[in-house]
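Here the structure is laid out as structure tokens; the discussion comes afterwards.
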Amino acid sequence: MSSDKSASAPDEVTISEMAVDFWKLLRISDRMLVSLPDERRTRFAAQTRFSAGRLEQHLGALDISLATFEGQVFGPELPAIAINADDVEGDPEPIVESVVEPAVIWRGRVIQNAKVILKGSDADVSRD
């Protein structure tokens, strides 16, 4: 039997991309809920919650976590890249308004930075 790369364990890039893609799919599903008729919304919401729970179980089994940082002050301590940094240039404490992709943390190490959208400073800010 020859060694086949497809039979080997997935690398961190593959794991990271899979986790982020699944997270994006769940976010899209959440946004779609509001457009569904009431009779379909409940069932679809339950299926989405189930899938989200399964994702958390699988990620936990692999010692992977996803971090989004929404509402936090953006700074060098966050493993995140601001895709609109120019929009808040000069603001001393820009806030993470939304997340395009979460940070992926595997075995306690960041393997992919989050991609975030920032807004100007607000009074209601989490510093955690």
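Observations, loosely collected:
- DSSP loop trypsin sites (Lys or Arg not before Pro) with at most 10 other Cβ within 10 Å: longest gap in the chain: 1-106
- Most positive-pole-ward Cα, A46, V20, I117, against dipole of the chain from beta carbon charges: A46
- A simple count of charges around K115, restricted to other residues whose Cβ falls under 14 Å of its Cβ and scoring Lys, Arg +1 and Asp, Glu -1, yields -3.
- Overall form of segment 11-119 per C-alpha gyration tensor (a/c, 1.5; a/b vs b/c): oblate
- Estimated [θ] at 222 nm from DSSP helical runs (n ≥ 4, -39500 (n - 2.57)) normalised by residues in the chain, nearest 500: -12500 deg cm²/dmol
- Separation between Cα centres of segment 59-122 and segment 27-52, rounded to whole Å: 26
- Dipole magnitude (debye, nearest 20) for segment 11-119, charges at Cβ of Lys, Arg, Asp, Glu: 660
Since every read-out is calculated from the coordinates, none of them should be taken as a lab result. Because the structure is predicted, anything quoted here is derived from the model rather than measured. Every residue, glycine among them, receives a Cβ derived from its backbone with ideal geometry; neighbour counts consider all protein chains shown.
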